[in-house]
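Below is one structure; the comments refer to it alone.
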Amino acid sequence: MGSVEPRDVVILGSTGSIGTQALDVIRRNPERFRVAGLAAGGGNPALLAQQAVEFGVTRVAVAQPSAQADVRSALAAEAGRPRHSAEPGRPGRPAGAGRPVPEVIAGPDAIVEAAAWPCDVVLNGVTGAVGLAATIATLDAGLTLALANKESLICGGSLVTSRAAPGQIVPVDSEHSTLAQCLRGGTRDEIGRLVLTASGGPFRGWTRDQLTGVTPEQALAHPTWNMGPLVTMNSATLINKGLELIEAHLLFDVPLDRIDVVVHAQSIVHSMVEFTDGATIAMASPPDMRLPIALALAWPHRVPDAAPSMDWTRASTWTFEPLDDEAFPAVALARAAATAGGTAPAVYNAANEECVDAFMAGKIPFTGIVDTVARVVSEHDASGDLTLERVLAVDAWARTRARELNSKGETA
């Protein structure tokens, strides 16, 4: 492949797990990418300041208005700190103090504004449904969206897909990145099934009775992936796999009854596409999010040495098992919510976020997370027009209802 023009990237959620790994990819590939802007919640001003100064951005967005002063102070301190001229990943950066301090915008709409800043690619690495408005802003601005915030697609549904031009949304989730790669192996008419793989989380093989006494510390100990707390918790309940099933349905326009989930504990095969002639194409790599992140930023090109490759000289065993829907009903529930359509997936997502918080606070048992989500979904009427205002209203209702049920200890 010949030379590739460098791409300007805006990163939403830069201090989170996806954002920091994306910056690591960019740091090691300065000839491929430039950081055009950063956005974060504001809970880690020091890290945001380090990122902004290291990558020479001119502006930063912060969601929490109360964090604006702390971010500005951290930026001023970081910009004035002496540095060696051979700063890793930033060759040629001037040493010493006196670098310009980036502009800071703050408030509820700051990240949405950042989502439309001039660039080539916006990486939406925000966690949760709050990323929906940013996703819409990026698509409306005609920019390529590297989507790690699956919740915005799931909650927005056709609000998102109807805005997107062909190829405008590039998935960052390892499973959907894999599906996109495997789908290059055939035409649309040749697709038989999509197969999403799940590690099974830390409780693979456990029964429902065993799951009742699970602690937050146990649930956050994922066996193969290093992720943020909400995604890690969702992987333990398999809510994350339910969200990914809905995401695959929306991204690739494949019917729900042609999308399967299998448990693959080693997290080496990240998903598969079965074609109508009986062939199945899979992608294998060690579990490292830098690979799908790099591919999303450079799509359709690959970034050399983005992540370690497999060592085929060592013996290894890969296993595939059916999903235990009785112990882990989250995927079946997601399939039902997606079948209902409308705002049902938004309810599934919002209720879960509240239930995860309740479990972490010791208010409900581990099994109460999905049980409460199921109760809230069952109470919701998903019919009606899908508008941003309605999605936001339904999101708020689902959260309120989940909190009510959790406070009373009610589920089914």
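The values are calculated or read from the model by the stated rules, or taken from the named source; none is laboratory data. Computed from a predicted model, the values in this text were never measured in an experiment. Cβ: placed from backbone, ideal geometry, glycine included. Neighbour counts: every protein chain shown.
Quick look at the numbers
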{"item": "Criterion: over 24 Å from LEU230 (Cβ atoms) and modelled with pLDDT of 95 or more - qualifying residue of ARG7, ARG83", "result": "ARG7"}
{"item": "Filtered residue count, the range 136-181, keeping only those that are under 22 Å from GLY19 (Cα atoms), among the hydroxyl-bearing types (Ser, Thr, Tyr) and more than 12 Å from the chain's Cα centre (by Cα)", "result": "3"}
{"item": "Residue among VAL71, VAL35, VAL60, VAL53 that is out of contact with any His (no Cβ under 6 Å at 6 or more places or on another chain), in a helix (DSSP H, G or I) and either touching a residue at least 40 places away in the same chain (Cβ under 8 Å) or closer than 18 Å to GLU5 by Cα (or both)", "result": "VAL53"}
{"item": "Residue ID - surrounded by the fewest Cβ atoms within 10 Å (Cβ to Cβ), chosen from residues in the range 135-189 that are of a type in the set (Asp, Glu) and in a helix (DSSP H, G or I)", "result": "ASP189"}
{"item": "Single condition LEU333 does not satisfy, out of (1) farther than 30 Å from VAL4 by Cβ; (2) outside any loop (DSSP other than H, G, I, E, B); (3) assigned by TED's automatic domain parsing to the domain that holds ALA180", "result": "(3)"}
{"item": "Some residue of the range 356-374 being within 23 Å of SER158 (Cβ to Cβ), touching a helix residue (DSSP H, G or I) at 6+ places or on another chain (Cβ under 6 Å) and at pLDDT below 95", "result": "no"}
{"item": "Selection from the range 215-234 of residues that are within 24 Å of GLU326 (Cβ to Cβ), assigned to a helix (DSSP H, G or I) and at pLDDT 90 or above", "result": "PRO216, GLN218, ALA219, MET233, ASN234"}
{"item": "Test result for ALA36, modelled with pLDDT of 95 or more and either of a type in the set (S, T, N, Q) or crowded, with 24+ Cβ neighbours inside 10 Å (or both)", "result": "no"}
{"item": "Matching residues, the range 397-412, being surrounded by fewer than 19 Cβ atoms within 10 Å (Cβ to Cβ) and at pLDDT below 95", "result": "SER407, LYS408, GLY409, GLU410, ALA412"}
{"item": "Among (1) of a type in the set (Gly, Ala, Ser); (2) out of contact with any helix residue (DSSP H, G or I) (no Cβ under 6 Å at 6 or more places or on another chain); (3) buried (at least 21 other Cβ atoms within 10 Å of the Cβ) - the single one ALA346 does not satisfy", "result": "(2)"}
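Results for (1) touching a Gly at 6+ places or on another chain (Cβ under 7 Å); (2) among the hydrophobic types (A, V, I, L, M, F, W, C); (3) under 30 Å from ASP24 (Cα atoms), shown as yes or no for each residue.
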| residue | (1), (2), (3) |
| --- | --- |
| ASP260 | no, no, no |
| ASP277 | no, no, no |
| ALA306 | no, yes, yes |
| TRP312 | no, yes, yes |
| SER316 | no, no, yes |
| ASP325 | no, no, no |
| PHE328 | no, yes, no |
| ALA332 | no, yes, no |
| ALA337 | no, yes, no |
